[in-house]
Amino acid sequence: MKAKTERILVLGFVGTLFLLLLIFFILPKQKFSELENRYLQGVPQLTWNNIWSKKYAEDVEIFITDHFPFRDKWISVKSTVEQSRLQQENNDIYKGKDGYLFEKFSEPNYMQIQKYTESINEFADKHLKVNMTFLLAPTSIGLYPERLPWLAPSYPQKKVHQFIFDQMQKKLTLIDGFDVFSAHTSEPIYYRTDHHWTTYGAYLAYKAYADQQGWNSLQQKDFEITTVSNSFLGSFHTKGQFSGIAPDTIQAYTPRKPSPTEMYIADTDKTVTSMYDTSFLDKKDQYSYFLGGVHALIKLSTRLESNKVEQEKLLVIKDSYAHSVIPFLTSHVPEIYVIDIRYYNGNISEYMSKNGIEDVLFLFNTTTFIENNGLLKLNN
């Protein structure tokens with residue numbers, strides 16, 4: 001009887017694995033996860049270089065994890081169980097004080113970070129006549145460690161910033177987000193449920209860059225500030241699946257003396273007449289209201305009066321933190337080129353030469369920067 005029961009259990013276990021494997025191959029593979037608000041791993045490329053560097057094995061593991069059958073349901077079930085145990089962490093998201101959610105931040109790979117800084121330094125060496133600025137913003141866990149749950153471990157982002165800035169050459173002008181935000185920590189710089197900064201946080205970053213450039217930066221009174229959403233539950237909420245979390249609000253800063261801007265999206269070869277896509281306010285990814293989300297390459301053209309032009313052209317190499325900053329920059333620069341190096345595969349040096357670009361702004365948050373191997377493409 002015992003042997004028969006064991007055989008049934010083994011057959012049941014093997015059958016379940018086989019069924020999951022069959023479902024894995026049958027189910028269509030999504031490109032984007034609405035629940036986690038991110039692009040999922042695509043089918044790994046089988047090349048000798050990828051096999052030799054172990055990248056293929058790593059990508060296969062991520063691919064299987066990202067497309068595991070009913071992944072979203074498993075995440076929700078896990079969250080419910082964890083909350084029933086009064087646990088303040090789920091799926092690497094902490095439930096902190098004052099309604100804030102935080103993503104776990106561990107000690108990074110400093111050798112990998114050094115490769116990224118070396119790539120930027122090499123890029124600066126190749127363009128000695130170009131004015132380059134590097135702005136690095138901490139994420140909310142870096143600025144608000146006191147709001148974490150009791151005894152929740154978190155590696156200090158200030159230490160990471162110090163390492164990065166120590167590696168950077170003096171050819172670049174450096175702006176540390178910790179310095180920018182230190183006097184504003186009691187203010188709503190970050191969304192409570194999302195990994196991005198608020199429009200106010202973006203405004204502070206814009207003003208720091210504008211002041212560093214010597215521009216006549218706009219004050220808050222120069223904008224009409226309106227709330228465009230009261231229902232934003234961002235990436236931390238979708239990943240952590242905590243219940244009872246109050247949604248964020250999203251604000252738009254519209255200059256009281258606006259100038260018309262057209263935005264050309266190279267990915268789709270389309271031109272739109274607004275930097276804001278209101279359709280996303282009815283979707284999960286409401287932050288994509290700014291610039292319509294992630295694009296490999298866009299160009300913004302603004303009809304500015306001559307007395308408002310601070311510089312003719314600017315290239316922004318960035319992550320999504322820049323999306324809510326760039327609209328501020330259009331009040332000073334008539335031509336702004338925007339490259340997301342994670343998805344852009346062209347030759348940036350040739351692009352700069354072709355378009356006569358002599359000013360570059362690198363804008364990243366800490367988490368994206370330390371994980372962004374796209375930076376290694378800078379000098380391709």
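Remarks
Yes/no per residue for (1) in contact with a Leu (Cβ under 6 Å, 6 or more places away or on another chain); (2) assigned to a strand (DSSP E or B); (3) closer than 21 Å to Ala208 by Cβ; (4) of a type in the set (Gly, Ala, Ser):
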{"site": "Ser279", "(1), (2), (3), (4)": "no, no, no, yes"}
{"site": "Lys284", "(1), (2), (3), (4)": "no, no, no, no"}
{"site": "Val294", "(1), (2), (3), (4)": "no, no, no, no"}
{"site": "Leu304", "(1), (2), (3), (4)": "no, no, no, no"}
{"site": "Glu310", "(1), (2), (3), (4)": "no, no, yes, no"}
{"site": "Leu315", "(1), (2), (3), (4)": "no, yes, yes, no"}
{"site": "His323", "(1), (2), (3), (4)": "yes, no, yes, no"}
{"site": "Val338", "(1), (2), (3), (4)": "no, yes, yes, no"}
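- Among the residues of segment 220-249, those identified as without any contact (Cβ under 8 Å) to a residue 40 or more places away in the chain, over 17 Å from Pro188 (Cα atoms) and open to solvent by 10 Å² or more (accessible area, probe 1.4 Å) are Lys221, Asp222, Glu224, Gly244.
- Residue satisfying condition, being touching a helix residue (DSSP H, G or I) at 6+ places or on another chain (Cβ under 7 Å) and either open to solvent by less than 10 Å² (accessible area, probe 1.4 Å) or within 23 Å of Thr199 (Cα to Cα) (or both), within set Leu291, Leu304, Leu297: Leu291
- Criterion violated by Ala152 - all others in (1) open to solvent by less than 50 Å² (accessible area, probe 1.4 Å); (2) under 22 Å from the mean Cα position of the chain (by Cα); (3) modelled with pLDDT under 95 satisfied: (2)
- Selected residue (only one of Asn379, Asn365 is touching an Asp or Glu at 6+ places or on another chain (Cβ under 8 Å) and buried (at least 20 other Cβ atoms within 10 Å of the Cβ)): Asn365
- All positions within segment 340-380 that are assigned to a strand (DSSP E or B) and acidic (Asp, Glu): Asp359
- Residue in segment 127-141 that is more than 30 Å from Asn347 (Cα to Cα) and either at pLDDT 95 or above or touching a Phe, Trp or Tyr at 6+ places or on another chain (Cβ under 8 Å) (or both) present: yes
- Strands (runs of 3 or more DSSP E) completely within segment 79-189 that count 3 or more residues being free of Cβ contacts under 8 Å to residues at least 60 places away in the same chain and closer than 21 Å to Ala205 by Cα: 172-176
The values are calculated or read from the model by the stated rules, or taken from the named source; none is laboratory data. Just so it is clear, the structure is predicted and the values come from calculations on it, not from any experiment. Cβ sites come from the backbone with ideal geometry, for glycine too, and all protein chains shown count toward neighbours. Just so you know, the surface numbers come from the protein's heavy atoms only, side chains and all, with ligands and any DNA or RNA stripped out. Shrake-Rupley method; radii C 1.70, N 1.55, O 1.52, S 1.80 Å.
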